[in-house]
1. With everything on Cα atoms, drop me the angle between helix 86-97 and the longest principal axis of the chain, reported from 0 to 90° to the nearest 10.
2. Counting only the backbone N, which residues of region 213-257 are under 11 Å from the spot 7 Å out from the Cα of residue 152 toward its beta-carbon?
3. Counting other beta carbons within 10 Å of each residue's own, what order do 84, 144, 26 fall into, fewest first?
4. Of the residues 65, 99, 203, which exhibits the maximal mean-square fluctuation in a Gaussian network model of the chain defined by a 10 Å Cα contact cut-off?
5. Length gain on complete extension for the stretch residue 88 to residue 70, per 0.36 nm per residue less the alpha carbon to alpha carbon distance?
6. Rounded to the nearest 0.05, what FRET efficiency is calculated for residue 205 and residue 132 with R0 set to 35 Å and r the Cβ-Cβ distance?
7. Looking at the chain as a GNM with Cα springs under 10 Å, which of 82, 228, 21 has the largest mean-square fluctuation?
8. Counting only the backbone N, which residues of region 199-235 are under 18 Å from the spot 7 Å out from the Cα of residue 166 toward its beta-carbon?
């Protein structure tokens with residue numbers, strides 16, 4: 001079954017269970033995707049992040065209810081669509097179709113519901129060099145970050161402070177500092193964001209406190225280099241999932257997307273930042 005067919009199965013399931021609690025584990029099972037890759041694969045094929053798509057689908061259904069049930073109070077339709085107030089429903093509805101619910105009820109502009117209006121726009125280069133590499137296992141010291149992605153620098157400071165306090169020089173060489181990208185920060189609430197910052201360390205070094213030991217597993221990885229601002233790295237990632245993966249014949253392994261840093265923002269101009277993206281394959 002192709003990746004698109006798997007996403008289509010999820011979309012079909014969502015449509016049939018729109019009023020139920022849609023659990024990520026269940027959707028991953030239906031798609032046969034690892035939870036580490038589900039969000040990015042869904043966005044790459046559906047054109048919207050998962051929660052954005054569900055919201056759009058509920059708003060589209062609400063649009064039909066506004067026309068069919070012309071005398072129902074708008075607040076009732078808003079509550080049925082999962083919104084807590086008339087105001088939040090009206091704001092979301094207008095953002096999608098350019099009309100308030102009342103305006104839509106008077107003169108509906110259905111063309112705005114033809115496709116999700118916030119569909120993903122890939123800005124990165126679609127043509128990229130992706131190499132499949134056999135990479136050895138690595139022992140890494142990890143500082144885990146949970147919560148607001150805007151506070152990720154605080155976690156980085158903690159890792160740097162810990163590294164400087166060690167009896168050996170742990171300043172990473174190019175390619176020895178990593179990030180574990182569990183989720184796209186644009187697709188989850190800030191409190192659900194998770195990211196690991198890691199550096200390679202020798203087997204003999206004892207880890208303690210907030211710094212924990214993890215291992216990057218040996219295996220086959222799809223590898224590509226992203227050059228430039230790390231703010232746009234998501235465009236390169238989505239090109240991997242959307243453009244390269246379907247025609248590659250490869251299956252994804254059960255590991256988050258890994259970022260391998262070859263330099264740091266304080267060392268080079270933003271346009272010269274180099275970040276390899278590693279995706280584990282089966």
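A short reminder: the numbers here are calculations on the coordinates, not readings from a lab. Remember, predicted model here, so these are calculated numbers, not experimental data. Neighbour counts are summed over all protein chains in view; Cβ atoms, including those assigned to glycine, are modelled from backbone coordinates with ideal geometry.
1. Its long axis makes an angle of about 80 degrees.
2. 230-234
3. With the fewest neighbours first, 84, 144, 26 line up as 84, 26, 144.
4. 203
5. 4.5 nm
6. Computed FRET efficiency for residue 205 and residue 132 comes out at 0.65.
7. 21
8. Zone members listed by number: 199-217.
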